[in-house]
DNA sequence: CGACCGATTGACT
DNA sequence: GTCAATCGGTCGG
């Protein structure tokens with residue numbers, strides 16, 4: 001990472017998130033997910049996301065309206081929605097568009113760039129493991145690597161110590177599109193986006 | 001209230 | 001390829 005990008009470690013501004021969800025989803029590819037812990041940083045380049053479109057989308061947690069569990073999805077864009085699933089895993093989403101839309105983007109995979117030793121510790125990797133793409137190539141894996149847990153549900157990504165920042169521009173031709181993974185309803189919607197040709201995507 | 005099951009992962013046949 | 005882990009949300013009675 002260059003010195004310049006170190007100096008530009010500031011959150012993406014609110015308007016970035018207040019746009020159509022699928023536009024934001026494609027634009028998230030190449031952006032950096034950053035967590036500051038004391039003076040140190042965990043950084044990963046986003047390489048895979050999925051859009052979930054609220055009441056338009058039977059696969060979305062927000063499909064049937066606001067509940068205690070999904071209320072964060074109805075906040076203004078730029079907040080973090082963390083949910084608990086399968087009795088043991090956390091996954092995180094970026095809320096998009098204006099308040100009450102219930103739309104969000106699931107972060108499915110990042111490429112580790114900085115703070116890899118901390119990520120290995122958070123993921124309980126054995127010292128001899130060389131397959132470090134397995135640190136963050138799944139929605140629950142990246143949450144574990146970054147230490148994202150229940151108590152971070154609802155935080156504002158435009159201020160504070162967990163945020164997204166500008167990163168690399170991904171050419172349109174380098175973006176792959178597919179059905180979303182792990183859902184039953186809404187398979188016909190091609191709302192998964194990923195960077196082609198990297199070993200850091202899930203699956 | 002009980003039964004079912006999930007935007008997953010890792011271990012194992 | 002199959003399957004258990006593990007628990008809170010959701011839905012039917």
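Please work out the FRET efficiency for the pair residue A:127 and residue A:99, using the Cβ-Cβ distance as r and a Förster radius of 35 Å; give the result to the nearest 0.05. Rounded to the nearest 0.05, the efficiency is 0.15.
Residue separation of residue A:56 and residue A:84 scaled by 0.36 nm, minus their Cα-Cα distance, works out to 7.8 nm of gained length. Overall shape of the stretch A:31-176 was characterised from the C-alpha gyration tensor. The equivalent ellipsoid obtained from it has semi-axes of 26, 17, 15 Å, in decreasing order. Among A:124-134, A:107-117, A:46-56, sorting by the average number of other beta carbon atoms lying within 10 angstrom of each residue, highest first, gives A:46-56, A:107-117, A:124-134. Approximating the spin labels as points 7 Å out from Cα along Cα→Cβ, the residue A:161-to-residue A:181 distance works out to 2.9 nm.
Here the gap between residue A:9 and residue A:71, fully extended at 0.36 nm per residue and compared with their Cα-Cα distance, gives a gain of 19.4 nm. The gain in end-to-end length when the residue A:134 to residue A:19 segment is fully stretched comes to 38.2 nm, 0.36 nm per residue minus the alpha carbon separation. Computed from the C-beta positions of residue A:171 and residue A:117, the FRET efficiency with R₀ = 45 Å rounds to 0.90. In terms of packing, defined here as the mean over residues of other Cβ atoms within 10 angstrom, the peptides A:138-144, A:39-45 line up highest first as A:138-144, A:39-45.
Only the coordinates and a few stated rules stand behind these numbers; no lab work does. These numbers were taken from a predicted model, which means no experiment stands behind them. Every residue, glycine among them, receives a Cβ derived from its backbone with ideal geometry; neighbour counts consider all protein chains shown.
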